[in-house]
1. With label points built 7 Å along Cα→Cβ from the Cα atoms of Glu254 and Ala297, find their separation and express it in nm.
2. Find the relative contact order for segment 207-310 and round it to a whole percent, using C-alpha pairs within less than 8 Å whose residues are 6+ positions apart.
3. Can you list the HN-Hα couplings for segment 103-111, worked out from phi with the Karplus curve (6.51, -1.76, 1.60; θ = phi - 60°), rounded to whole Hz and with x for Gly and Pro?
4. How large is ³J(HN,Hα) for each residue in segment 141-155, as worked out from phi by the Karplus curve 6.51 cos²θ - 1.76 cosθ + 1.60 (θ = phi - 60°), to whole Hz, x for Gly and Pro?
5. Give me the one-decimal nm value for the distance between modelled label points at Glu71 and Ser199, 7 Å along each residue's Cα-to-Cβ direction.
6. Can you compute 3J(HN,Hα) from phi for each residue in segment 258-270, using the Karplus curve 6.51 cos²θ - 1.76 cosθ + 1.60 with θ = phi - 60°, rounded to whole Hz and x for Gly and Pro?
7. Can you give me the relative contact order of segment 76-142 as a percent, contacts being Cα pairs under 8 Å and 6 or more apart?
8. Hey, can you grab everything whose amide H is under 5 Å from the amide H of Val118? Only 5+ residues off in sequence or another chain; H modelled, so Pro and N-termini drop out.
Amino acid sequence: MRVAVAGCCHGELDKIYETLALAERRGPGPVDLLLCCGDFQAVRNEADLRCMAVPPKYRHMQTFYRYYSGEKKAPVLTVFIGGNHEASNHLQELPYGGWVAPNIYYLGLAGVVKYRGVRIGGISGIFKSHDYRKGHFEYPPYNPSTIRSIYHVRNIEVYKLKQAAEKGQTAKATKFLALDKCLPHRDFLQVLEIEHDPSAPDYLEYDIEWLTILKATNNLINVTGSLWNMPENNGLHTKWDYSATEEAMKEVLEKLNHDLRVPCNFSVTAACYDPNKPQTQMQLVHRINPQTTEFCAQLGITDINVSLQKAKEEHHLCGEYEEQDDVESNDSGGDRSEYNTDTSALSSINPDEIMLDEEEEDDDNIVSAHSDSNTPSIEPSSNQGSDFSASFSDIRILPGSMIVSSDDTSGSPTDREGKLDEAVELENEKDLTEMPLKRRSDEHEPEQRKKIKRRNQAIYAAIDDDDDDDA
């Protein structure tokens, strides 16, 4: 079986399929399957473009919408996972996978399927530690924080895949070179020869073990932003093994009437882009996809989006999102996390994300740093003290209450350090603007006037008196 593997597609389906046709003419035969490894960009309309976490200069419609509308059809079965530059609202409709267009299948947040006896598994998104243990709480319309966290991998998806991997089965892993973006003179596509079962059907099938794991872990679904851990064999959980047993797989198979074929039940759920009638103000809607509804009903599991909508209706998440929106829209409002151990905000570029270009728009960089800095941490860092003092390194106003009296000079150096907190108190009744400014390290004055303010006020009283006289 000939399998083509593509790197980041960025919506350039026409170019990819044209390249495949060229490879077929030059190669030994037709390509049977195309695997796309992220940044697929299944953009249907202008609203989908607004759900992509990219700078405005990269928001292009490209060519996927032609396959979504039926104007074109993918010439080869295409299976893909999501990356960090996606129409997240579209993919969110299919958490367990499904057709985004005829002959183009999305594996979901995590998924395993079969084609001609070959098992194909994948997980969508990228890893970010501060979101890894959260539930899937995001929904459109996204704010500057959730438009990024929506594609961050969660522990529940990794946990499900581990249940399938820990069964002790041996598997052959295909190795191939790292692939580039779909650009001229770049290595963005590779065709491989993969061993397969000649007697297996030439259509996409569900993997029975994966379906059994989905059903077994259904009660672990979480649609809140709270941090939580997966069950472990540590004495705290009554059940931690959710791997598929033969008996459980038999029950699921009977539930599906022994038919594992993925149904070709694609349906249009949103208006398609029309180049002649642009809709720049198209409203964002949190949709329930009929494919997901059918899949969940057949397997007896919960649609994550239904749970999210119920939570919204019961106001379980409304307060959280309203507060989050306020923080994002007003830099001066809202309480922020006291303990922030994520250091990605120190850089304007997200170090864990694959950048579209070496340059990013300044506006996008600011949003990225701002949204990451608001991410709460579960427990304080051991270096909190140094981080706290560093965060005030740019303050130039010195309150009068920071002047230490001579009483604080008695005792050991340790005693003096211990009394520092007593000295650092704000005097609300005083006008801080009348106090002298603390000089920054990069400000200089003539050498004969260099003075140093010290805590040991009694020892350096004479120097301080000189300062007052000079002032």
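Values in this text are rule-based calculations from the coordinates and carry no lab data. Computed from a predicted structure; not experimentally measured. We place every Cβ from the backbone using ideal geometry, glycine too, and count neighbours over all the protein chains shown.
1. 2.3 nm
2. Working: 57 pairs, mean separation 37.1, N = 104.
After rounding, I find 36 percent.
3. Working through the residues one at a time gives 6, 10, 10, 9, 6, x, 4, 7, x Hz.
4. With coefficients 6.51, -1.76 and 1.60, one gets x, 7, 9, x, 8, 6, 5, 9, 5, 4, 9, 7, 4, 10, 5 Hz.
5. For Glu71 paired with Ser199, the spin-label model returns 4.6 nm.
6. Each residue of segment 258-270 in turn: 6, 10, 9, 5, 6, x, 7, 10, 4, 8, 6, 10, 9 Hz.
7. Numbers: 89 pairs, mean separation 20.5, N = 67.
Averaging sequence separation for qualifying contacts and normalising by length gives 31 percent for segment 76-142.
8. Correct list: Asp197.
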